[in-house]
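Colleague: Sharing a structure below in structure tokens format, with a few things to ask.
The values are calculated or read from the model by the stated rules, or taken from the named source; none is laboratory data. Remember, it's a predicted structure, so these values are computed and weren't measured experimentally. Here Cβ is always computed from backbone atoms with ideal geometry, including for glycine, and neighbour counts include all displayed protein chains. Each accessible area value is taken on the protein alone, full model and side chains, heavy atoms only, with ligands, DNA and RNA left out. Shrake-Rupley method; radii C 1.70, N 1.55, O 1.52, S 1.80 Å.
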Amino acid sequence: MGVDQLRAWIPAGGVEEALLGQIVPERLPRHVAIIMDGNGRWAASRHLPRVEGHRAGIDSVRDTVETSARLGLDVLTLYAFSVENWKRPATEVSVLMGLLRRYLKLELDTLLRNNIRFTAIGRPNELPTEVYHELLEAEARTSRNTGMRFNIALNYGGRAEIVDAARRAIEAGVSPSSLDESRFGEYLYTAGQPDPDLLIRTSGEMRVSNFLLWQIAYAEIWVTDTLWPDFRCQHLLEAVVAYQKRDRRYGGIATAPAVAAGVK
Ligand code: FPP
């Protein structure tokens, strides 16, 4: 996978191709994480029930996953259901669970065809049993794939993840003196994966909403007013172009982005 695979997939002469032409393949973010927001507002603006926004959001998920895999990202993480989302009306929660099952059923072949490895992060074992089993099956069926890692954050909370990691480290008998940031990272849900370089949030909200709190320490944040159901390949490419213009300092001194080539 890589820029050429994506070029072959997008319309010739369109805005996507122009954006792709601005992307430096050697400086792609390795991990992109997305807070998918604005489904409710998308539906309300069309006088539709909120769940129609979630339904439409599936097309954005499909497009974003395929764009990311073809572009050559190592990891894509989508925030689909937070530990706080249980406070929503039971019918909305149930539609979201149904959409997730449907997505897994319909998209498994696409994930396999694109060599994508799927993982659920969070506390998915607390989801309805049939959803959990579907997730386990998708993980098992894609576990040998060597291409992009696709994480869906489900029943996910950033603080809960840190607590879970601390518990696991204690259970594993890690001694306080041997515990450092790198060791602690081995107990996070994303163990072994690079931290997100780029965090995208749709619908204009300026919040991190308890998402990947540990891992986004040095992530570049890009917020778009586009509502999630309208988010497509074009928007992801806009985010990557903007990311490549940033000067990542990691607490150090400024360097021109061109000079920082190769630094992620
Ligand atoms: C936020 O919009 C969106 C969610 C809480 C759910 C996102 C879920 C999907 C796109 C569908 C299922 C996902 C997968 C991966 C198959 P909101 O409802 O908070 O919107 P609002 O802020 O406009 O009310």
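Colleague: Rounded, prolate or oblate: pick one for the chain, where a ≥ b ≥ c are the square roots of the eigenvalues of its C-alpha gyration tensor, a/c under 1.5 means rounded, and failing that, prolate if a/b is larger than b/c, else oblate.
Modeller: In terms of gyration-tensor shape, rounded.
Colleague: For the charge dipole of the range 1-138, defined by +1 on Lys and Arg C-beta atoms and -1 on Asp and Glu C-beta atoms about the Cα centroid, which residue among 10, 122, 44 has the Cα displaced farthest towards the positive pole?
Modeller: Selected residue: 44.
Colleague: Then there's this: Rounding to the nearest 20 debye, state how big the charge dipole of the range 78-138 is about its Cα centre with +1 on each Lys and Arg Cβ and -1 on each Asp and Glu Cβ.
Modeller: Numbers: 8 positive and 8 negative charges, 22 e Å.
Value, rounded to 20: 100 debye.
Colleague: For residue 62 and residue 249, compute 0.36 nm times the residue count separating them, minus their Cα-Cα distance, and round to one decimal in nm.
Modeller: Working: separation 187, 0.36 × 187 = 67.32 nm, distance 3.31 nm.
Stretched fully, the residue 62-residue 249 segment lengthens by 64.0 nm.
Colleague: May I pose another question? How far apart, in nanometres, would the label points at residue 112 and residue 1 be if each is projected 7 angstrom from Cα along the Cα-to-Cβ direction?
Modeller: 1.7 nm
Colleague: Let me ask something else. Using +1 on the beta carbon of Lys and Arg, -1 on that of Asp and Glu, and nothing else charged, what's the dipole of the range 105-264 about the Cα centre, debye to 20? Each step should come with its number before you reach the end.
Modeller: On the way: 19 positive and 21 negative charges, 75 e Å.
Around 360 debye, computed over the range 105-264.
Colleague: Please report the relative contact order for the chain, taking Cα pairs under 8 Å with a sequence separation of at least 6, and give it as a percent rounded to a whole number. Could you put the intermediate results ahead of the total?
Modeller: Values: 418 pairs, mean separation 71.7, N = 264.
Value for the chain: 27 percent.
Colleague: In nm, to one decimal, how far is the residue 44 label point from the residue 93 one, both placed 7 Å along Cα→Cβ?
Modeller: 2.2 nm
Colleague: With r as the distance between the Cβ atoms of residue 242 and residue 9 and R0 = 25 Å, compute the FRET efficiency 1/(1 + (r/R0)^6) and round to 0.05.
Modeller: The pair residue 9/residue 242 has a calculated efficiency of 0.70.
Colleague: At 0.36 nm per residue, and after removing the present C-alpha to C-alpha distance, how many nm does the segment from residue 209 to residue 163 gain when stretched out fully?
Modeller: 14.9 nm
Colleague: Another one. Where only protein heavy atoms count, and the probe is 1.4 Å, what is the accessible area per residue for the range 63-187 in Å²?
Modeller: Accessible surface, normalised per residue, equals 49 Å².
Colleague: Going by average Cβ density within 10 Å per residue, which order do the peptides 79-86, 173-180 take, highest to lowest?
Modeller: Averaged packing, sorted descending, gives the order 79-86, 173-180.
Colleague: Further question: Can you compute the modelled spin-label distance between residue 137 and residue 225, with each label point 7 Å from Cα toward Cβ, in nm?
Modeller: 4.3 nm
Colleague: How long is the gain from residue 218 to residue 182 if the chain were fully straight, where each residue apart is worth 0.36 nm and the alpha carbon distance is subtracted?
Modeller: Here the segment from residue 218 to residue 182 would lengthen by 11.5 nm.
Colleague: Leaving out ligands, DNA and RNA, and with a 1.4 Å probe, what % of the accessible surface on the chain is carbon or sulfur?
Modeller: On the chain, the fraction of accessible area on carbon and sulfur atoms equals 51 percent.
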